[in-house]
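**Student:** Before anything else, here's the structure in question.
The values are calculated or read from the model by the stated rules, or taken from the named source; none is laboratory data. Since we're looking at a predicted model, the values are computed, not measured. Here Cβ is always computed from backbone atoms with ideal geometry, including for glycine, and neighbour counts include all displayed protein chains. Just the protein is used for accessible areas: all its heavy atoms, side chains included, with ligands, DNA and RNA removed. Shrake-Rupley method; radii C 1.70, N 1.55, O 1.52, S 1.80 Å.
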Amino acid sequence: MGDLPDRRRMLAAWRNASKVLWRSPAERTVRDRLAELAAGGAQLLDPDEPVDMYGDGLVETLEQTVAALLGFPAAAFFPTGTMAQQVALRCWAQRTGNPVVALHPTAHPELHERAALTSLTGLRTVHLTGEPRPPTADEVRKFDEEFGTLLLELPLREAGFVLPSLEELTAVVAAARDRQAIVHVDGARIWECPPHFGRTLPEIAALADSVYVSFYKSLGGISGAALAGPESFVAEAKAWRHRYGGQLFTQFPAALSAMHGLEQELPRLASYVEHAGVVATALQEELAAAGVWWQMQPEGRPHTHQFRVWLPHAPGVLTTAAVEQAEQTGVALFRRWYPPGPLGPPGLAVTEVSVTSPGLAWTADDVRQATRNFLARLP
């Protein structure tokens, strides 16, 4: 029971479940993706239009769309977010003359990119806080070492998709400006932030000098990212994109799916964030009633349409229970569970819960019933 189920079995369980809170892009088949591209293409562009070549055509249209959505003068499409952020931080370091980047120790470039910032760009990182939350203005202001760029991940995924308040974010940016530091936002999931801040995407993005966004996180695209900022910065970023091998011959499948996500999913994200509060509240109530130890991040209401749940079992035990529940009842409450990682003690496991279009049909009673069924499968 401690081993994870086979990946094919897991994907089949999620894909065949009739009642789910969200559908992961990983569950889709090649047939599904081809059908989505064909349908999206018919809605968004002339199918007889030539494919893009080295970043023109549809890719340029996507770049202009993203720039307008975020309120920046320009944007550049990148095949991966890892490449986009490395380029952004390299460009800012060249402009400031300071190679030090301040970021959270669990930020994506620090935790998930195999030290690419130091290995490929020669930059150095410092951590303003080790707490599972974004840094405070006081921490930025009083940090005892100079840094050229402050990277803010909004939301901070590893802490449970946590966001600061608008007042806290504004104060942090002001503190960075007081130190003459550039502010870059890792906005892979910034699309879902407006409900929490009570501000539009351009108003949020205007706090930063540059913003990176993802097209497969939140929007369900195939792949790809964009880097938005001032025109001269984006032009420089495109030069480095070429040097990094990101000037692909044609990218219309990724660009088209990104446009489709912006058209279809972006307008729905606010409703997902709202309903995530219903799901999280019912889940907390049922876990508390069951008398089991549990933790949810963030505490209380989720800041976005995603949140984290912790339980005191091995990841394989919990994942097996989730797979069996989906196979036997057609209901998928949880998906895969993981070891605690840098923010959790041993003996626990953590999973991420998302609420998207299929989750809107779940009532609080549906969540409670599914939770009881899941807990009954644990030793």
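**Student:** Within segment 1-24, how many residues are at pLDDT below 85 and either among the hydroxyl-bearing types (Ser, Thr, Tyr) or surrounded by 17 or more Cβ atoms within 10 Å (Cβ to Cβ) (or both)? Before you say what the answer is, go through the steps one by one.
**Tutor:** Looking only at segment 1-24, we keep the residues that are at pLDDT below 85, and these are 1-4.
If we keep only those that are either among the hydroxyl-bearing types (Ser, Thr, Tyr) or surrounded by 17 or more Cβ atoms within 10 Å (Cβ to Cβ) (or both) too, we end up with 4.
Summing the residues that are at pLDDT below 85 and either among the hydroxyl-bearing types (Ser, Thr, Tyr) or surrounded by 17 or more Cβ atoms within 10 Å (Cβ to Cβ) (or both) in segment 1-24 gives 1.
**Student:** Out of the residues in segment 169-187 that are touching a helix residue (DSSP H, G or I) at 6+ places or on another chain (Cβ under 8 Å) and part of a helix (DSSP H, G or I), state the one that is surrounded by the fewest Cβ atoms within 10 Å (Cβ to Cβ).
**Tutor:** 178
**Student:** Another one. Within segment 46-69, track down each residue that is within 30 Å of residue 206 (Cβ to Cβ) and among the hydrophobic types (A, V, I, L, M, F, W, C).
**Tutor:** The initial filter retains those residues of segment 46-69 that are within 30 Å of residue 206 (Cβ to Cβ), namely 52, 55-69.
Within segment 46-69, 58, 59, 62, 66, 67, 68, 69 meet the criteria.
**Student:** Of the conditions (1) farther than 27 Å from residue 180 by Cα; (2) modelled with pLDDT of 95 or more, residue 83 fails just one. Which one is it?
**Tutor:** Of the numbered conditions (1) farther than 27 Å from residue 180 by Cα; (2) modelled with pLDDT of 95 or more, the odd one out for residue 83 is (1).
**Student:** For segment 339-379, which residues satisfy the criterion of being open to solvent by less than 30 Å² (accessible area, probe 1.4 Å), polar (S, T, N, Q) and part of a loop (DSSP other than H, G, I, E, B)?
**Tutor:** Hit for segment 339-379 is 356, nothing else.
**Student:** May I ask you to verify whether residue 283 is open to solvent by less than 30 Å² (accessible area, probe 1.4 Å), modelled with pLDDT of 95 or more and assigned to a strand (DSSP E or B)?
**Tutor:** On the way: open to solvent by less than 30 Å² (accessible area, probe 1.4 Å): yes; modelled with pLDDT of 95 or more: yes; assigned to a strand (DSSP E or B): no.
Against the criterion (open to solvent by less than 30 Å² (accessible area, probe 1.4 Å), modelled with pLDDT of 95 or more and assigned to a strand (DSSP E or B)), residue 283 does not qualify.
**Student:** Could you list, in sequence order, the residues of segment 200-223 that are among the β-branched types (Val, Ile, Thr) and either more than 20 Å from residue 39 (Cβ to Cβ) or in a helix (DSSP H, G or I) (or both)?
**Tutor:** Quick first cut of segment 200-223, residues among the β-branched types (Val, Ile, Thr) only: 200, 204, 211, 213, 222.
Result: 200, 204, 211, 213.
**Student:** Now for a different question. Name the single residue that is modelled with the highest pLDDT among those in segment 299-338 being surrounded by fewer than 20 Cβ atoms within 10 Å (Cβ to Cβ) and hydroxyl-bearing (Ser, Thr, Tyr).
**Tutor:** 329
**Student:** Hey, another quick one. From the list 223, 214, pick out the single residue that is among the polar types (S, T, N, Q) and open to solvent by less than 10 Å² (accessible area, probe 1.4 Å). Reasoning before the result, please.
**Tutor:** Values: 223 fails: open to solvent by less than 10 Å² (accessible area, probe 1.4 Å).
The unique qualifying residue is 214.
**Student:** Within segment 60-85, which residues are open to solvent by 10 Å² or more (accessible area, probe 1.4 Å) and of a type in the set (S, T, N, Q)?
**Tutor:** First, pick out the residues of segment 60-85 that are open to solvent by 10 Å² or more (accessible area, probe 1.4 Å): 60-61, 63-65, 68-69, 71-74, 79-83.
Across segment 60-85, the qualifying residues are 61, 64, 65, 80, 82.
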